[in-house]
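Working notes, structure below.
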Amino acid sequence: MRLIFLGPPGAGKGTQSELISKKFNIPQIATGDILRQAVKNQTELGVLAKKYMDEGKLVPDDVIINLIKGRLLGDDCQMGFILDGFPRTVAQAEALTITLKEMGLSLDAVVNFSLKDELLIKRLCGRRVCKSCGYNFHVYYQPPKEESKCDKCGGEIYQRDDDKEEVINRRLKVYKEQTYPLIDYYRQIGSLKDVNVNHLLKDDETDTDVEVVLAKVIDVLEG
Ligand code: AMP
């Protein structure tokens, strides 16, 4: 199964793609995670990407497109993959269409997650991540048992630089200007499946239940 998970930052596509990756035994290819690892390791890619990421801007298309082209050749992608955070511009989507065609492959679905801004901001501002294992916490919805310490591995928990409020606003603006047009791109191709998370909120409307969203994602994929 070859999938794209599309949506604004904070919509939950990372969490869902991780769960779907396990369920269908296909790799989750998250460009944000690949870039953060490169920044951590101070590779050439990391040094280049950092200045864009810190400002909430997109890393240049040619850099990301080459990264993905290489990644899709991996043996683990033979049975499929989930692209999480790629493509993010029309140029990236067009390059992906050509690459897949050259490989003789096609997409099974593009899952489009949507969620109102108010909740996106609340989710991103409160998000905390374990430095060691990458597990996500949230200061309101899922605080760690011990402050600043990961429940899973004991690692240190931190706030991503781009989850600070001023950067979040920029990321949402970039999403609306550069990534939103992809919804039409894929709707026209006919592979778009909508998951409107606004319709899946808990009764008190504060947030969603991960399992409820997962059931909906499986439903649209199998439907
Ligand atoms: P994410 O973890 O998906 O929110 O990505 C974090 C940051 O990595 C983004 O704000 C961008 O700076 C960069 N990034 C991730 N994926 C892409 C992409 N497909 N194109 C350009 N920049 C990206």
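The values are calculated or read from the model by the stated rules, or taken from the named source; none is laboratory data. Source: prediction; values computed, not measured. Because the Cβ atoms are built from the backbone with ideal geometry, glycine has one as well, and the counts that use them run over all protein chains shown. Only protein heavy atoms, including side chains, enter the accessible area calculation; ligands, DNA and RNA are left aside. Shrake-Rupley method; radii C 1.70, N 1.55, O 1.52, S 1.80 Å.
Kindly give the semi-axes, whole Å and largest first, of the ellipsoid equivalent to the chain, taking each as the square root of 5 times a Cα gyration tensor eigenvalue.
Values: eigenvalues 132, 94, 62 Å².
That gives 26, 22, 18 Å for the three semi-axes.
Using only helices, what value at 222 nm comes out for the chain when you add -39,500 (n - 2.57) per DSSP H run of length 4 or more and divide by the total residues, to the nearest 500 deg cm²/dmol?
-13500 deg cm²/dmol
Quick check of the Kirkwood formula: for the range 75-133, what is the inverse mean of 1/r over all pairs of different Cα atoms, in Å?
Values: mean 1/r = 0.0684 Å⁻¹.
By the Kirkwood definition, the hydrodynamic radius is 14.6 Å.
Please report the net charge: other residues with Cβ closer than 13 Å to the Cβ of D54, K and R +1, D and E -1.
Details: positive: R36, K50, K51, K57, R160, K164, R170, R171; negative: E55, D161, D162, D163, E166.
Every neighbour counted, the sum reads +3.
Under 5 Å between amide H atoms, partner at least 5 residues away or on a different chain: which partners does G80 have, H built in plane at 1.01 Å?
Excluding prolines and chain starts, which carry no amide H, there are no hits.
Going highest first, how would you order 214-223, 121-130 by mean Cβ packing within 10 Å?
On the way: 214-223: 14.2, 121-130: 18.8.
In descending order of packing, they fall as 121-130, 214-223.
Lys/Arg Cβ at +1, Asp/Glu Cβ at -1, dipole of the range 153-223 taken about the Cα centre: which of T179, G155, G223 is farthest positive-ward?
My answer, from the dipole projection, is T179.
If we sort 52-61, 69-78 on the protection proxy, mean other Cβ atoms within 10 Å, highest first, what's the order? Numbers along the way, then the final one.
Values: 52-61: 17.0, 69-78: 12.3.
Taking the mean over residues of other Cβ atoms within 10 Å, the ranking is 52-61, 69-78.
How would you order 92-100, 185-193 from highest to lowest mean count of nearby Cβ atoms within 10 Å? Please report the intermediate quantities before stating the final value.
Working: 92-100: 16.9, 185-193: 14.9.
Result, highest mean first: 92-100, 185-193.
Let me check I've understood the local charge: for P181, count other residues with C-beta under 11 angstrom from its C-beta, Lys and Arg +1, Asp and Glu -1. What total comes out? Write down the numbers at each step before the final one.
Working: positive: R88, K176, R187; negative: E177, D184.
Net of charged neighbours comes to +1.
Roughly to the nearest percent, how much of the accessible area of the range 19-128 is carbon and sulfur, given a 1.4 Å probe?
Working: 2890 of 5540 Å².
Carbon-and-sulfur percentage of accessible area, whole number: 52.
How many Å² of accessible area per residue for the chain, probe 1.4 Å? Don't jump to the answer; show the numbers that get you there.
Numbers: 11900 Å² over 223 residues.
That works out to 53 Å² for each residue.
Cα gyration tensor of the range 106-223, axes a ≥ b ≥ c as square roots of the eigenvalues: rounded (a/c below 1.5), prolate (a/b > b/c) or oblate?
On the way: a/c = 1.93, a/b = 1.57, b/c = 1.23.
Prolate.
Per-residue HN-Hα couplings for the range 65-70, Karplus 6.51 cos²θ - 1.76 cosθ + 1.60 at θ = phi - 60°, whole Hz, x for Gly and Pro?
4, 5, 4, 5, 4, x
Tally Lys/Arg at +1 and Asp/Glu at -1 over every other residue whose Cβ is under 14 Å from the Cβ of R71; what's the total? Mind dumping the intermediate values first?
Details: positive: R2, K69; negative: D33, D75, D76, D84.
Summing Lys/Arg as +1 and Asp/Glu as -1 gives -2.
Which whole-Hz ³J(HN,Hα) couplings does the range 26-41 yield from phi under the Karplus relation 6.51 cos²θ - 1.76 cosθ + 1.60, θ = phi - 60°, glycine and proline marked x?
Using θ = phi - 60°, the values come out as 10, x, 8, 10, 9, 4, x, 5, 4, 5, 4, 5, 5, 5, 4, 7 Hz.
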